[in-house]
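Report on one structure; see the data block that follows.
The values are calculated or read from the model by the stated rules, or taken from the named source; none is laboratory data. Note that the coordinates shown come from a computational prediction; the quantities given were computed from them, not determined experimentally. All Cβ positions, glycine included, derive from the backbone under ideal geometry; neighbour counts span all protein chains shown. Side chains included, ligands, DNA and RNA excluded: accessible areas come from the protein's heavy atoms. Shrake-Rupley method; radii C 1.70, N 1.55, O 1.52, S 1.80 Å.
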Amino acid sequence: MKSLRKIITRSILLTATIALLLVAINMAFATNWMFKYSGNQPLKYAIADISDGLTNTEGTYALNPSATAMMEEQYVWAMLIGRDGQVIWNKNLPGDIPRHYTLTDVASFSRWYLNDYPVSVWEHPDGLLVLGDPKSSIWKYNITSTEDTISHIPGFLAGFLILNVVAALVLALFLGLWLYRKLKPLYNGITALPKKEPLALPTGGVTGEVARILNETSVILSQQEKQLTHRDQARTEWIAGVSHDIRTPLSMVMGYASELENNLILPAAEQNQARIIRQQSQRIKALISDLNLASKLEYHAQPMELARVSPAALIRGAAVDFINDGLPAPYSLVVDVTEEANGPILLCDQALIRRALTNLIDNSIRHNPRGCAIKLSVIKSTVGLAIKVSDDGKGYPPELIKNSGGLDESLLLGNHGLGLIIVRRIMKIHGGSVVFENLPDGGCAAALVFSS
Amino acid sequence: MKTIFEAKLLVVDDEPEIIKLLKTILHQAGFAQVISAENCRQARELFALEKPDGVIFDVTLPDGDGFSLMQELRQQSNVPMLFLSARDEDENRLLGLGLGADDYITKPFLPRELVLRLSGILRRVYQPLLTKPPAEECLVLGAVTVNFKSGIVQTSDGEKTLTAKEHALLKKLWQNQGHIVTADSLCRSAWDDDLYGYENTLMVHIRRLREKIEVDPSQPQYLLTVRGMGYKLAAETKP
């Protein structure tokens, strides 16, 4: 839910930012426009200049060249109305413009148009200078406003801006909430997918189609999960069943072979053969038990009894069992631990880790028929705690070392039996790993690494 | 019953071949009276009728499972009961549930193992009734004799008394004479706790024990240190 909230919050902020940005852009644009086009407006200076350029020399009016240029640049015609209402000077005056004006006429055109010509007026020492623009070129409108209204314009603009901001924020919030409402069920559905249980999201509204797809996906996932579990379970049960069925006949083989082995009436050679049958039956027994354990570990059918134990006690127990059972002379077994390892610092299933250690020690013994010195130790590294079983024997085959990381189990199987596979699977269900390495001075080491 | 071999044994297994094997093994081991049942119903009848002195069960039976049958029979009698199971997972159930079975053996099994375990259980249950009280629990280490009952160590220079902890430690070592006992198991026997925190205490107690039983405590002949693992009481104890 946290990430959805984050998404929605961001989207609200983003929307608000966009809205504010739009307001800002609009305002900038408007301001710019006003400045740019009102730039043509202040003609008053030009008119004044033109007016100054119209001089009366002994009863004859003349526009000096610079004023003429200014006038021609902006206006089509010009006239000077004398104090009596009579036009006393003109330039390019169209024919449809009267030559005499009353006060009423002047009052009218000075605000509006003169025969549809937009005109500008300026006071001249001898009368009124009127300048005309072409027809339909300028839109004239007179605004009358009270002082009060004008004085409120800045406040009004600020209020307008604030209102915009508030509206933008409220709309963004509303949109965000709406999105949140709509997306929440979808979000919940997606986060529930890994549980592989069927979903029943409402399929109405704008998100209905996505919800429907999610529902369908969840059904497929849960079906697959069921099939997989079922298959794993069937496999484990099948192996357990076969093991059970093999054990009864094997009991007979082992039982009677053992009887023959101890039958003093039989010649020594036959007794020896019976011994071999008995020994091989015991090997088959061990294999069946390994196969069963390996399959249960792989398909999570092995119950874990986690407890905090001392790794030192664990390896001492494993080592002493081997020695007390009669470790043959060419082999030696030592334990190297610090006092710290006596503490209950390892969370694990004791029986399984003991089994892993037994398998590793067995592996060292089996692959070094001429004997070797085996060492068990506990190492604390940055990665976590590790129990190490090392020997000074002939070492692991190189391909096993090379692929230690993403090890293919067929390599482990090699000629090691199921022993190393079981070690690996035991570490896997503990959330750790096993690292195989050959030592520089000969021999090899397997480390059971528990991530902390 | 004069010896454990007079005990009447009931074997419950649905495989006639296994029954035959068990009978052969048990007869050869000296058990004369072995009766058998192939299912729970027969087992119940025979148990009531024959009152066997020990029972060996298979776990999977055609009309029920051995665990329930055992629990049912256990309520009527305290005779030794032993499981013979063909499934690894039964071991977990047996240990987990604490059904009160005396032992379990997984199939396939070695005849010798079965006989040893069965005799052990029978002896533990019936021996005290069969024979006179066992000889005094004594450990002889050269010129030193340890009497566990009185907790007294007899040496050439007189008697010394063992403290309770020393007694517990020495007894544990004696029970496993010739074998290494981890420091952890020793600590469990004497203090009923993990070794952690007791490392020095254990060393001190072993030193005191050596002072009592060794001729030269700094060069022990009997109570030996096995570096990194624990201690061992030497097997050779000729008087």
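Couple of notes before you dig in:
- Probe 1.4 Å - accessible area at A:LYS196, Å² to nearest ten: 80
- Modelled spin labels at A:THR17 and A:GLN74, positioned 7 Å past Cα toward Cβ, are 4.6 nm from each other.
- Compared with the dominant Cα axis of chain A, that is its longest principal axis, helix A:311-324 is turned about 20°.
- The candidates B:TYR196, A:TYR101, A:TYR117, A:TYR141, arranged from most to least accessible area with a 1.4 Å probe in the full protein assembly, appear as A:TYR141, B:TYR196, A:TYR117, A:TYR101.
- Paired Rg and Dmax values of segment B:138-233, which use every Cα atom, in angstrom: 12.4, 37
- Computed with a 1.4 Å probe over protein heavy atoms only, the accessible area of B:SER150 comes to about 60 Å².
- Taking B:ARG207, B:ARG123, B:ARG227 in turn, the Gaussian network model of chain B (Cα-Cα springs below 10 Å) assigns the largest fluctuation to B:ARG227.
- When each of A:LYS285/A:LYS428; B:LYS107/B:LYS172; B:LYS172/B:LYS232; B:LYS23/B:LYS107; B:LYS165/B:LYS212 is checked by Cα-Cα distance, pairs over 20 Å: A:LYS285/A:LYS428; B:LYS107/B:LYS172
- Taking label points 7 Å from Cα along the Cα-to-Cβ direction, A:ALA167 and A:ALA351 give a separation of 7.5 nm.
- Rounded to the nearest 500, the 222 nm mean residue ellipticity of chain B from helices alone is -13000 deg cm²/dmol, with -39,500 (n - 2.57) taken per DSSP H run of at least 4 residues.
- Cα-based reach from A:LYS6 at 17 Å (exclusive), listing lysines while leaving out same-chain residues under 8 positions away: A:LYS182, A:LYS184
- Computed [θ] at 222 nm, helices only, for chain A once each DSSP H run of length n ≥ 4 contributes -39500 (n - 2.57): -19000 deg cm²/dmol
- Listed values for segment A:120-129 are Karplus-derived 3J(HN,Hα) couplings in whole Hz (6.51 cos²θ - 1.76 cosθ + 1.60, θ = phi - 60°), namely 10, 10, 8, 6, 10, x, 9, x, 10, 8, and x replaces Gly and Pro.
- Projecting the Cα atoms of A:PRO125, B:PHE47, A:MET71 onto the charge dipole of the protein assembly as shown (Cβ charges, centred on the Cα centre) puts B:PHE47 farthest toward the positive pole.
- Largest GNM mean-square fluctuation across B:GLN75, B:GLN42, B:GLN33, computed for chain B with C-alpha springs under 10 Å, falls on B:GLN75.
- For segment A:209-298, alpha-carbon Rg relative to the globular expectation (2.2 N^0.38 Å, N residues): 1.94
- Legend: residues A:TRP139, A:TRP33, A:TRP178, sorted from most to least accessible area (1.4 Å probe; ligands, DNA and RNA excluded), read A:TRP139, A:TRP33, A:TRP178.
- 10 Å Cβ neighbours from other chains, averaged over peptide A:294-303: 1
- Chain A shape via C-alpha gyration tensor axes, a/c threshold 1.5: prolate
- Beta bridges per DSSP with both ends in the protein assembly as shown, % antiparallel, nearest 5: 75
- Heavy atoms of B:ASP63 accessible to a 1.4 Å probe, total area in Å² rounded to 10: 80
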